[in-house]
Amino acid sequence: MTSRTKHPDPRLVVLLGIVLCAVIGLAVHGPIPQPVGYHQFADQRSFFGVPHFNDTFSNLPFLVVGLAGLFALRRGVPSGGLEALRPAYAIFFAGSALLLLGSGYYHLYPSDATLTWDRLPMTVAFIAFFAVVIGEHMDPRLGLRFLAPLVSLGIVSIAYWRLTDNGDGGDLRLYVLVQFLPMLLIPLIALLYRSSLRPSSYLWALLASYGLAKALEFLDQPIFNATHFISGHTLKHLAAALGITFFLIGLYRRQSAIALEAPNLSLQRAHFARRVASTE
């Protein structure tokens, strides 16, 4: 009598391997300081006495879509989400809404100190979304189990950067891990594990918007030089808010895979019954 050996899920092995490599790579890497001149954004114009007006008020859509998301959750999760992940959805939208205050405050008075309040709600929202992806694609219980530790890690990464800053830019290694590792893992999880919700296009639209936002951040000065009207950083805020909007729409438009497959299953059963009846 032979016993079956349970082999580990190769998909999980791949994901854990990437995490391990990233952690080791950053551990052996030297400190990553905050870049000098980081706060010198392209659009320095003031309007109505408000400094950096465009970069400041382009955070307003975050408040709008964040509150809309929280409103959608007031009586439960819409049909395009999973009720078990309601806390993760709520933290995601709350963090998005608070970006108006955090990022707005930072762009009024750009400095390492105020940047803390920009990164805090952004990190919390992003990490909560990571937990959502884990829950929707792998297991809702797993996503909920990881929610608190992941959010705590995000907050600790910002605190570590500030505590290590002695006027030399601090050490961003942990923050880099929290920000960029999920950017790699989220699309991999979406590809390796099929979500229980359909269609998946809303998730990919959010990821595309986030990628666009990152590109616009790097193109801040070139875009402003080309347009003399709007900067890449301002457009970054709008692109990121658009991504959150896509996900909010998905909470209403997506459906459970079981619900989608039920009509097809009923048709198959009816067709089979007709075939049986025709042979009698």
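If you check Ile127, Ile91 for being β-branched (Val, Ile, Thr), under 14 Å from Phe62 (Cα atoms) and either touching a Phe, Trp or Tyr at 6+ places or on another chain (Cβ under 8 Å) or modelled with pLDDT of 95 or more (or both), only one passes: Ile91.
In the stretch 139-172, of all residues being of a type in the set (D, E, K, R) and in a loop (DSSP other than H, G, I, E, B), the one that is farthest from the chain's Cα centre (by Cα) corresponds to Asp168. Filtered by the rule that a residue be in a helix (DSSP H, G or I) and among the aliphatic types (A, V, I, L, M), the stretch 210-219 gives Leu212, Ala213, Ala215, Leu216. Contact annotation: residue pairs with Cβ atoms under 7 Å, 6 or more positions apart or on different chains, pairing a residue in the stretch 33-49 that is in contact (Cβ under 8 Å) with a residue 24 or more places away in the chain with a partner that is of a type in the set (Val, Ile, Thr), are Asp43/Thr234.
Quick grid of which residues meet (1) under 22 Å from Pro187 (Cα atoms); (2) surrounded by fewer than 18 Cβ atoms within 10 Å (Cβ to Cβ):
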| residue | (1), (2) |
| --- | --- |
| Ala97 | no, no |
| Ala113 | no, yes |
| Phe146 | yes, no |
| Leu163 | no, yes |
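Just to be sure before I move on: is Ile91 free of Cβ contacts under 8 Å to residues at least 40 places away in the same chain and not in a loop (DSSP other than H, G, I, E, B) in the structure I sent? For Ile91, the condition - free of Cβ contacts under 8 Å to residues at least 40 places away in the same chain and not in a loop (DSSP other than H, G, I, E, B) - is not met.
Please verify whether the stretch 102-111 includes one or more residues that are surrounded by fewer than 20 Cβ atoms within 10 Å (Cβ to Cβ) and within 15 Å of the chain's Cα centre (by Cα). Scanning the stretch 102-111, I find no residue that is surrounded by fewer than 20 Cβ atoms within 10 Å (Cβ to Cβ) and within 15 Å of the chain's Cα centre (by Cα), so the answer is no.
Mind counting the residues in the stretch 158-179 that are of a type in the set (A, V, I, L, M, F, W, C) and either without any contact (Cβ under 8 Å) to a residue 12 or more places away in the chain or touching a Cys at 6+ places or on another chain (Cβ under 9 Å) (or both)? Adding up the residues that qualify gives 2.
In the stretch 57-75, the qualifying residues are those that are out of contact with any helix residue (DSSP H, G or I) (no Cβ under 6 Å at 6 or more places or on another chain) and more than 14 Å from Thr245 (Cα to Cα), and the one that is modelled with the lowest pLDDT is Arg75.
On the given criteria, is Leu101 in contact (Cβ under 8 Å) with a residue 12 or more places away in the chain, within 19 Å of Leu177 (Cβ to Cβ) and part of a helix (DSSP H, G or I)? Considered against the rule, which asks whether it is in contact (Cβ under 8 Å) with a residue 12 or more places away in the chain, within 19 Å of Leu177 (Cβ to Cβ) and part of a helix (DSSP H, G or I), Leu101 comes out as no.
Taken over the stretch 220-251, the residue count meeting the criterion of being aromatic (Phe, Trp, Tyr), surrounded by fewer than 22 Cβ atoms within 10 Å (Cβ to Cβ) and either outside any helix (DSSP H, G or I) or over 18 Å from the mean Cα position of the chain (by Cα) (or both) is 1.
The values are calculated or read from the model by the stated rules, or taken from the named source; none is laboratory data. Computed from a predicted model, the values in this text were never measured in an experiment. Positions of Cβ are generated from backbone atoms using ideal geometry, with glycine treated the same way; all protein chains shown enter the neighbour counts.
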